[in-house]
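*Asks:* Here it is, the structure, as structure tokens.
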Amino acid sequence: MDKKASKSKWNLTPEGWNLEGVPAYQDEKRYTQVGRSVPRVDGPIKVKGEAIYTGDMTLPGMVYGKIKRSTYAHAIIKKIDYSKALELPGVLTVITGEEAPNKWGIVPQAANETALAVGKVRFYGEGVAAVAALDEETAEAALELIDVEYEPLPVLLDPFESMERAKEVLIHEDSPGNILHEGEQVYGDVDKAFAECEYVLEREFHTNYPQHGFLEPHSALASYDPQNGHLHLWASTQVPHYLHRQMSIVLEIPMNKIRVTLPAIGGGFGGKGEAAASEFVACLLSRKVGRPVKVTYERNEVFFTNKGRHPCHMKVKMGLDKDGYIQAIDFDNTMDKGAYSGWGIVVLFYTASMLHLPYKVPNARFRGRSVYTNKPSTGAMRGLGGVQPRWAMECLLDELAEMMGISPYELKMKNAIESGHTCINNMFVPHTEYKKCLQTAVEKSGYLEKHGKLSFGKGIGMAGGYYITGTAYTLYQNYKPHTSVMIRVDTEAGVTLFCAAADIGQGSNTVMAQMVAEEMGIHFEDVNVQAGDTEIGAFDLGSFASRLTYAAGAAIKMACVEINQKIKETAAGMLGCRADQLIIKNREIYSMYESKKRLPWEKAVEAYTSINGSLVSLGNFSPPRRKGIDLITGNRVQGANIGHSPTFGFSAQVHEVEVDVETGRIYVKKVTEAGDCGTPVNPMSVEGQVEGSIMFNLGACLYEDQKLDAEGKHLNPNFHDYKTPTTMEMPEMDTNIVESYDPTAPFGVKETGEGAVQPTFPAITNAIYDAIGVRFYNLPITPEMVLKALKEKKTTSCDCKCSKEC
Amino acid sequence: MKQLIELDINNRVYEVAVDARDLLLDVIRKKVGLTGTKKGCGEGDCGACTVLIDGKPELACIKLAIACQGKKITTIEGLIQEGGALHPIQQAFVDYGAVQCGFCTPGMILSAKGLLDRNPHPTEYDIKHELSGNICRCTGYKKIIEAVEAAAQVWSKEGVK
């Protein structure tokens with residue numbers, strides 16, 4: 001109760017952050033705005049139901065668009081006859097894929113998606129035509145009047161079958177073998193290292209096919225102005241910039257005539273991290289009818305077109321020396337790409353990069369391929385490319401620890417990296433508190449006292465994880481800064497931050513306001529944030545890859561240099577001292593040597609503005625690049641460009657489970673988490689991200705899986721049959737933010753929203769093993785699997801002498 | 001064949017022309033214009049469209065509008081207090097970080113209100129049980145449950161309309 005009482009006192013008084021006796025300029029970590037659990041700036045309008053999401057918007061003359069969807073998973077489109085639909089009163093127009101055949105894709109080298117299918121469909125539910133009508137009911141009725149003639153093709157739903165039958169049937173004519181991309185990354189001498197290992201273990205792991213389940217379905221509202229050729233699109237997206245760029249390609253309209261605006265966004269988790277057909281269709285229809293058009297998906301359309309997590313079929317081999325130090329990893333990954341490329345190549349190589357941390361790995365070999373199938377495309381989903389290999393590696397380490405007869409905790413601590421670690425693939429970790437994460441989670445949960453000692457049916461498991469922060473590369477060839485911000489200061493609007501960053505629910509607008517306030521010595525409430533608009537905001541790549549807090553933080557710091565300097569110069573003249581002796585804190589400017597020389601911050605702004613007008617400054621952020629030619633040695637630096645990142649966040653989790661041996665049901669009872677997110681800009685938001693992460697992958701580990709029938713028809717495109725965790729499934733959660741500060745990062749920050757999903761799969765899997773002595777290598781781990789395994793165990797090892805009663 | 005019906009929403013009577021098959025959710029959002037009630041699934045699975053009908057949480061996406069005549073409907077917009085102040089549940093959701101993307105929030109708050117109206121001193125289990133029909137994909141529910149617990153305490157101390 002005390003914790004709660006103090007929490008509600010977020011509105012700290014100035015005494016709460018009094019710096020008396022400690023010179024602020026001596027301690028850069030001594031923050032007043034960063035590190036506070038202030039409530040979100042958009043909290044009140046959201047609880048009042050006043051936040052406007054795209055689907056809530058109406059424009060004068062607005063009409064509705066609906067998409068006709070394929071009833072085949074793989075078929076040639078012979079003919080589309082929409083003449084009857086056009087005759088229906090209220091129908092304004094019908095379009096088909098032929099009207100916008102330009103291909104789009106977030107990775108341009110492999111772009112192969114079209115707004116609507118052209119010539120053939122590649123998954124069940126793919127859009128084949130779209131209608132604009134005066135109301136939704138008419139649009140829906142018109143869809144029924146569109147006749148599509150198909151010539152069915154063999155449906156390939158399994159990546160191995162897809163490769164095998166590629167001679168017989170190709171999903172994309174330009175992708176031989178039905179392979180989007182195949183790659184290899186070898187570092188060190190893996191075979192030699194294995195030969196010298198004392199402990200070697202090889203296993204196969206198969207992951208499932210979950211999707212994001214963001215609560216707000218895709219929605220897009222497009223308004224094309226035929227008089228000046230401008231297109232304004234409001235859309236529920238994580239990536240306003242990439243959407244903007246792809247819209248320009250598909251519609252053949254220059255980017256400067258397209259504006260993308262983000263209303264409130266109801267979650268994304270990666271699923272809105274690419275453009276969506278709804279957005280192209282809304283724009284195409286609007287341009288054709290000259291009126292605003294809104295396209296909002298039904299829930300089943302979200303499932304049909306989702307870009308969920310890649311099912312991975314992984315062969316993983318790991319070797320340790322006699323002391324338990326990892327010597328080599330051999331990793332073979334076959335990824336199920338679904339129908340279109342999307343993020344595919346990126347995800348493939350992320351899985352390769354993810355092998356190299358958070359443990360020291362001196363030799364590693366990766367072979368992988370991303371294979372087309374006739375399923376909804378897979379894409380970016382929270383913890384992209386990390387979740388699957390992390391699951392495999394953390395489970396393998398658990399098994400290896402058992403082989404060695406030591407605790408998994410000991411094995412992981414032994415191999416965990418430390419600050420300043422350079423991986424063999426040239427990834428560099430400037431700072432980490434990973435060991436502290438492991439230690440905190442283990443100590444707080446009592447893992448060592450419980451592991452291997454609980455009664456049959458009860459178990460405890462641990463695992464670690466990490467994720468990139470800030471990302472290193474744009475997805476198309478360009479070296480422009482990844483984030484730009486513009487800050488305007490004057491007497492009229494106070495302080496306004498302009499940045500096209502997307503607040504998709506994670507709270508970036510609040511965190512950016514805190515960072516601006518920190519850097520300028522004012523309060524977070526003083527900062528207005530204009531975000532999520534490609535015309536008003538300065539450039540930002542988007543909300544993905546846990547990049548935003550780091551990137552925006554760096555850009556904000558840069559923009560504030562000039563602003564603070566000018567305000568200080570003005571104040572210096574007013575106070576009669578040197579500008580470089582001034583400090584700005586708590587809305588006041590004062591001399592660090594003569595504290596009587598002080599004046600309110602806004603007085604200096606007023607003085608500056610009345611002489612010069614508004615004060616405006618730009619800042620930007622470009623991540624360091626760690627691939628190419630080493631300037632000192634002249635050697636070419638090999639390295640996976642994907643996964644390189646300015647810094648990394650870390651997390652460790654301990655899960656305690658109970659397995660009902662009668663029903664096979666698994667209950668996660670308690671989770672103890674410890675995370676290294678650098679400086680938590682807003683600790684309450686960090687907790688929210690971590691708790692959400694645990695829920696997200698707890699669901700995907702135990703329940704969530706999309707099912708298709710033999711013809712590729714989606715069998716559970718709704719929340720009734722696709723089960724996500726509710727309040728009743730949630731365990732007690734003890735999340736801990738370990739003390740951490742990355743001196744190379746703006747404000748010392750790192751990610752938190754994706755690192756914390758990584759340990760969940762393996763921690764649960766390891767806990768189930770501890771509970772019932774069965775290791776699972778397939779996800780999700782269903783009651784059926786548990787019962788089957790228990791039955792097999794009984795018949796095969798009923799006379800075993802293990803500590804568990806079998 | 002449309003008919004004119006009266007719906008009492010947030011203590012105001014709206015006259016709306018509806019088809020017999022029109023859903024309460026669509027009427028509230030499109031005809032009345034109160035967009036705080038969200039459509040997450042349209043199939044009664046996610047709880048985003050929860051409204052109170054005669055004080056009881058109901059799913060507006062699977063409720064016919066004509067069946068709601070003569071009943072008192074409360075949407076999220078109806079919770080606002082005098083002078084624009086937030087209802088204690090709304091305030092607690094803000095203070096405890098129970099809101100992220102916000103799309104489940106209106107339904108979640110109304111489910112919580114339905115509970116607290118009926119049971120002002122709920123246990124943690126009561127809260128979990130009552131909110132189990134509202135899916136949230138952002139928060140992991142922990143802060144939502146904490147917020148409802150906190151609101152119950154404020155409510156029982158200070159009272160609220």
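The values are calculated or read from the model by the stated rules, or taken from the named source; none is laboratory data. Note that the structure is a prediction, hence the values are computed from the model and not measured. Cβ placement follows ideal geometry from the backbone for every residue including glycine, while neighbour counts extend to all protein chains displayed.
*Asks:* Can you find a residue that is farther than 22 Å from A:I265 by Cβ and assigned to a loop (DSSP other than H, G, I, E, B) anywhere in the stretch B:21-40?
*Replies:* Yes, some residue in the stretch B:21-40 is farther than 22 Å from A:I265 by Cβ and assigned to a loop (DSSP other than H, G, I, E, B).
*Asks:* Same structure again: If I go through the stretch A:698-747 residue by residue, how many of them are of a type outside the set (D, E, K, R), part of a loop (DSSP other than H, G, I, E, B) and without any contact (Cβ under 8 Å) to a residue 24 or more places away in the chain?
*Replies:* Result for the stretch A:698-747: 3.
*Asks:* Let me spell it out: the conditions are (1) loosely packed, with under 15 Cβ neighbours inside 10 Å; (2) small (G, A, S); (3) within 30 Å of A:L284 (Cα to Cα), and A:A195 meets all of them except one. Which number is the exception?
*Replies:* The single condition A:A195 does not satisfy is (3).
*Asks:* Based on this model, can you work out whether A:V346 counts as closer than 21 Å to A:Y466 by Cα and either crowded, with 24+ Cβ neighbours inside 10 Å or out of contact with any strand residue (DSSP E or B) (no Cβ under 9 Å at 6 or more places or on another chain) (or both)?
*Replies:* The answer is yes for A:V346.
*Asks:* Further question on the same structure: In the stretch A:681-709, how many residues are surrounded by fewer than 24 Cβ atoms within 10 Å (Cβ to Cβ) and away from chain B (no Cβ under 12 Å)?
*Replies:* 6
*Asks:* Would you be able to say whether some residue in the stretch A:715-724 is under 23 Å from the mean Cα position of the chain (by Cα), within 14 Å of chain B (Cβ to nearest Cβ) and within 30 Å of A:Y359 (Cβ to Cβ)?
*Replies:* no
*Asks:* In the stretch A:607-619, is there at least one residue being modelled with pLDDT under 95 and part of a loop (DSSP other than H, G, I, E, B)?
*Replies:* For the stretch A:607-619, residues modelled with pLDDT under 95 and part of a loop (DSSP other than H, G, I, E, B): absent.
*Asks:* Assess whether B:A92 counts as being of a type in the set (G, A, S) and outside any helix (DSSP H, G or I).
*Replies:* Against the criterion (of a type in the set (G, A, S) and outside any helix (DSSP H, G or I)), B:A92 does not qualify.
*Asks:* From B:G133, B:G97, B:G84, which residue is surrounded by fewer than 21 Cβ atoms within 10 Å (Cβ to Cβ), in contact (Cβ under 8 Å) with a residue 24 or more places away in the chain and within 10 Å of chain A (Cβ to nearest Cβ)?
*Replies:* Among B:G133, B:G97, B:G84, only B:G133 is surrounded by fewer than 21 Cβ atoms within 10 Å (Cβ to Cβ), in contact (Cβ under 8 Å) with a residue 24 or more places away in the chain and within 10 Å of chain A (Cβ to nearest Cβ).
*Asks:* Still on this structure, I have one more. For the stretch B:1-40, what are the residues that are within 13 Å of A:G55 (Cβ to Cβ), at the interface with chain A (Cβ under 10 Å from one of its Cβ atoms) and either out of contact with any helix residue (DSSP H, G or I) (no Cβ under 9 Å at 6 or more places or on another chain) or not polar (S, T, N, Q) (or both)?
*Replies:* Selection gives B:D26, B:R29, B:K30, B:G36, B:K38, B:K39, B:G40.
*Asks:* Right, here's the next one. Do any residues in the stretch A:171-183 that are free of Cβ contacts under 8 Å to residues at least 60 places away in the same chain have Cβ atoms under 7 Å from those of residues that are exposed (fewer than 14 other Cβ atoms within 10 Å of the Cβ) and of a type outside the set (K, R), where the two are at least six apart or on different chains, and which pairs are they?
*Replies:* Once the first residue is free of Cβ contacts under 8 Å to residues at least 60 places away in the same chain and sits in the stretch A:171-183, no partner that is exposed (fewer than 14 other Cβ atoms within 10 Å of the Cβ) and of a type outside the set (K, R) comes close enough.
*Asks:* Of A:A339, A:A380, A:A392, which residue is closer than 20 Å to A:M163 by Cα and either touching a Cys at 6+ places or on another chain (Cβ under 6 Å) or surrounded by 22 or more Cβ atoms within 10 Å (Cβ to Cβ) (or both)?
*Replies:* A:A339
*Asks:* Given the conditions (1) in contact with a Gly (Cβ under 6 Å, 6 or more places away or on another chain); (2) closer than 28 Å to A:E216 by Cβ, report the number of the one that A:L497 does not fulfil.
*Replies:* Tallying (1) in contact with a Gly (Cβ under 6 Å, 6 or more places away or on another chain); (2) closer than 28 Å to A:E216 by Cβ, A:L497 fails exactly one: (1).
Rundown of residues vs (1) within 14 Å of another protein chain (Cβ to nearest Cβ); (2) basic (K, R), yes/no style:
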{"site": "A:I45", "(1), (2)": "yes, no"}
{"site": "A:D56", "(1), (2)": "yes, no"}
{"site": "A:P60", "(1), (2)": "no, no"}
{"site": "A:G65", "(1), (2)": "no, no"}
{"site": "A:R69", "(1), (2)": "no, yes"}
{"site": "A:A85", "(1), (2)": "no, no"}
{"site": "A:N102", "(1), (2)": "no, no"}
{"site": "A:G105", "(1), (2)": "no, no"}
{"site": "A:Q109", "(1), (2)": "no, no"}
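*Asks:* Moving on. At least 2 residues that are within 14 Å of chain B (Cβ to nearest Cβ) in each: list the strands (runs of 3 or more DSSP E) lying fully within the stretch A:139-226 that qualify.
*Replies:* Those strands (runs of 3 or more DSSP E) span A:219-225.
*Asks:* Looking only at the stretch A:666-680, filter to residues that are within 13 Å of chain B (Cβ to nearest Cβ) and assigned to a strand (DSSP E or B); which one of those is nearest to A:I781 (Cα to Cα)?
*Replies:* Of everything passing the filter in the stretch A:666-680, A:V668 is nearest to A:I781 (Cα to Cα).
*Asks:* Still on this structure, I have one more. Restricting to the stretch B:7-35, give me the number of residues that are over 17 Å from the mean Cα position of the chain (by Cα) and either hydrophobic (A, V, I, L, M, F, W, C) or exposed (fewer than 12 other Cβ atoms within 10 Å of the Cβ) (or both).
*Replies:* So the count comes out to 7.
*Asks:* State whether one or more residues within the stretch A:184-192 are modelled with pLDDT of 95 or more and among the small types (G, A, S).
*Replies:* no
*Asks:* If you scan the stretch A:308-336, which residues turn out to be in a loop (DSSP other than H, G, I, E, B) and either surrounded by fewer than 24 Cβ atoms within 10 Å (Cβ to Cβ) or of a type in the set (D, E) (or both)?
*Replies:* A:D321, A:K322, A:D323, A:G324, A:Y325
*Asks:* Right, next: Looking only at residues that are assigned to a helix (DSSP H, G or I) and small (G, A, S) in the stretch B:52-81, which one is nearest to the other protein chains (Cβ to nearest Cβ)?
*Replies:* B:G78
*Asks:* Sort out which residues of the stretch A:115-165 are touching a Gly at 6+ places or on another chain (Cβ under 6 Å) and within 16 Å of A:E301 (Cβ to Cβ), and write them in order of number.
*Replies:* A:L116, A:A117, A:Y124, A:A130
*Asks:* Every residue in the stretch A:193-220 that is without any contact (Cβ under 8 Å) to a residue 60 or more places away in the chain and over 26 Å from the mean Cα position of the chain (by Cα), please.
*Replies:* A:A195
*Asks:* A further question on this structure: Count, please, the residues in the stretch A:241-264 that happen to be in a helix (DSSP H, G or I) and touching a strand residue (DSSP E or B) at 6+ places or on another chain (Cβ under 8 Å).
*Replies:* Going through the stretch A:241-264 one residue at a time, the tally reaches 10.
*Asks:* Now for a separate question. Would you call B:K157 more than 8 Å from every other protein chain (Cβ to nearest Cβ) and either part of a helix (DSSP H, G or I) or within 15 Å of B:L110 (Cα to Cα) (or both)?
*Replies:* For B:K157, the condition - more than 8 Å from every other protein chain (Cβ to nearest Cβ) and either part of a helix (DSSP H, G or I) or within 15 Å of B:L110 (Cα to Cα) (or both) - is met.
*Asks:* Suppose the filter is more than 9 Å from every other protein chain (Cβ to nearest Cβ), out of contact with any Leu (no Cβ under 8 Å at 6 or more places or on another chain), under 20 Å from A:G268 (Cα atoms) and not aromatic (F, W, Y); does B:G107 pass it?
*Replies:* Against the criterion (more than 9 Å from every other protein chain (Cβ to nearest Cβ), out of contact with any Leu (no Cβ under 8 Å at 6 or more places or on another chain), under 20 Å from A:G268 (Cα atoms) and not aromatic (F, W, Y)), B:G107 qualifies.
Residues are listed down the side, and each one gets a yes or a no for (1) over 30 Å from A:F303 (Cα atoms); (2) at pLDDT 95 or above; (3) part of a helix (DSSP H, G or I):
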site	(1), (2), (3)
A:F366	yes, yes, no
A:S370	no, yes, no
A:T378	no, yes, no
A:M381	no, yes, no
A:A392	no, yes, yes
A:D398	yes, yes, yes
A:M403	yes, yes, yes
A:I406	yes, yes, no
A:M413	yes, yes, yes
